[in-house]
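> What follows is a single structure, and I will ask about it in a moment.
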Amino acid sequence: MTSAQATNTPDHQAQPLDNRVTRLLGVRYPIVQAPMGWIARAQLASAVSNAGGMGIIETASGELDAIRGEIRKMRDLTDQPFGVNIALMYVRDPDIVKFVVDQGVRFVTTSAGDPSRYCAELKEAGLTVFHVVPTLKAALKAVEAGVDGLIVEGAEGGGFKNQRDVASMVLLPLVCSKVKVPVIAAGGYTDGRSMAAAFALGAEGIQMGTRMLSSAESPAHMNWKQAIVAAQETDTVFLNRGGQGPALRALRTERTTRIEAQPPENMRAEFAGVLDLYFGGDMEAAVPLTGQVCGRIDAVKTVSQILQETVNGFREAVSGLARYGS
Ligand SMILES: Cc1cc2nc3c(=O)[nH]c(=O)nc-3n(C[C@H](O)[C@H](O)[C@H](O)COP(=O)(O)O)c2cc1C
């Protein structure tokens with residue numbers, strides 16, 4: 001924990017946490033806001049970085065001109081560290097690496113593709129690189145590629161998933177027992193208790209998707225946020241199992257119930273109305289990617305509330321467990 005971080009922490013805020021993730025990322029709290037196509041842009045990412053976590057700008061939308069503008073906007077909205085996710089399957093333009101480097105971004109996560117594609121180039125430019133992995137095999141391949149750390153994503157999470165889904169409870173301790181690099185856990189994290197569980201399984205940070213998607217600063221339409229608040233833990237579907245391309249976890253709607261029953265030839269076509277859903281609030285216009293943790297989200301909260309409650313809850317959970325230690 002740098003002295004700057006300690007002094008930068010307003011009195012009423014939770015004290016920073018000190019470990020390899022907070023040191024590598026230069027943040028107060030080891031909490032990363034997940035990259036989410038169209039959602040993870042300056043409005044949300046700057047709120048997370050200003051609140052002491054790591055805000056991330058997405059590239060999965062493939063709208064690189066708009067994303068260049070969002071990365072520039074971050075400079076006006078925060079002086080805290082932020083990162084960019086390069087969703088390899090969706091970003092065909094190799095110039096994205098040069099752009100990210102030129103913008104002075106220090107932290108990059110890569111996902112949905114070969115970890116060795118840009119790792120060496122990014123590290124040569126002095127960036128910190130974490131890669132998202134859904135299996136042990138992918139984790140070992142990423143470490144071999146030279147990444148600084150891993151984001152280990154369990155099948156509970158929202159978004160695109162590995163066809164052979166593995167839950168965090170199994171995947172996280174398995175990967176942590178086989179690698180030496182720091183691990184950030186993703187899939188099902190929303191509060192201090194789940195963060196403490198991730199740390200007990202070997203992680204040194206958490207990534208939140210669905211929780212941040214349903215936050216006050218998220219640009220997603222209130223209909224989607226309220227649907228998450230109203231959802232139960234059984235209200236997500238796992239689509240495209242055994243189909244072409246990645247599987248995906250989304251909220252149960254009439255459209256996703258139909259897709260679950262009759263997998264379409266072309267899954268990409270089911271996203272044609274994505275902006276009508278994400279920002280227009282028409283929940284049947286496309287596929288609302290959402291994690292099972294929606295069953296534990298019962299209110300739309302500000303990013304700062306989410307981070308403070310999570311870190312305070314984490315400390316409570318850890319000290320609560322400590323009595324079993326002696
Ligand atoms: C709406 C949505 C969009 C997502 N888009 C991406 C993406 O572009 N790149 C990526 O690496 N992960 C993506 N994810 C996965 C998240 O990064 C994260 O790992 C996942 O949401 C964690 O699980 P949780 O939803 O239970 O927090 C997305 C998730 C959601 C819910």
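> For region 122-170, what is Rg from Cα atoms divided by 2.2 N^0.38 Å, rounded to two decimals?
1.25
> Quantify how much of the Cα-Cα distance distribution of the chain extends past 26 Å, in percent.
43 percent
> Calculate log10 I(q)/I(0) of region 112-213 for q = 0.13, 0.15, 0.17 Å⁻¹, where I(q) comes from the Debye formula with a single equal point scatterer on each Cα and nothing for solvent.
Values returned for q = 0.13, 0.15, 0.17 Å⁻¹ are -0.42, -0.56, -0.72.
> Okay, helix-only estimate at 222 nm for the chain: each DSSP H run of n ≥ 4 adds -39500 (n - 2.57), divide by all residues, round to 500 deg cm²/dmol; what do you get?
Theoretical 222 nm ellipticity from helices: -10500 deg cm²/dmol.
> Now a separate question. Can you tell which of GLY158, LEU122, ILE86 lies farthest toward the positive end of the dipole of the chain, using +1 and -1 charges on the Cβ of basic and acidic side chains (Lys, Arg; Asp, Glu)?
LEU122
> Accessible area per residue, 1.4 Å probe, Å², for the chain: what's the number?
43 Å²
> Provide, as a two-decimal number, the C-alpha radius of gyration of region 259-326 over 2.2 N^0.38 Å, N being how many residues it has.
Ratio of Rg to 2.2 N^0.38 Å for region 259-326: 1.78.
> Please report the orientation-averaged projected area of region 45-203, defined via the convex hull of its C-alpha atoms, in nm².
Over all viewing directions, region 45-203 projects a mean Cα-hull area of 9.0 nm².
> Amide H of GLY159: which non-local residues (sequence gap of 5 or more, or other chain) have their own amide H closer than 5 Å, using H built in the peptide plane?
Those qualifying (amide H under 5 Å, at least 5 residues apart or on another chain) are ARG249, THR290.
> Something else about it: For the chain, which whole percent of the accessible surface, found with a 1.4 angstrom probe, sits on carbon and sulfur atoms?
52 percent
> Would you compute, for the Cα atoms of region 28-71, the largest minus smallest coordinate along each principal axis and list the three values in descending order, in whole Å?
Extents along the principal axes, in whole Å: 30, 15, 11.
> Report the number of Lys pairs in the chain whose alpha-carbons are under 17 Å apart, with separation of 8 or more residues or on distinct chains.
Lysine pairs meeting the criterion: 8.
> Compute the distance in nm between two label points, each set 7 Å from the Cα along the Cα-to-Cβ direction, one at ASN266 and one at LYS123.
Result: 4.0 nm between the two label points.
The values are calculated or read from the model by the stated rules, or taken from the named source; none is laboratory data. Model, not experiment: these values are computed from the prediction. Note that each Cβ is placed from the backbone with ideal geometry, even for glycine, and that neighbours are counted across all protein chains shown. The protein model used for the area step is the full one, side chains on, heavy atoms only, and it has no ligands, DNA or RNA in it. Shrake-Rupley method; radii C 1.70, N 1.55, O 1.52, S 1.80 Å.
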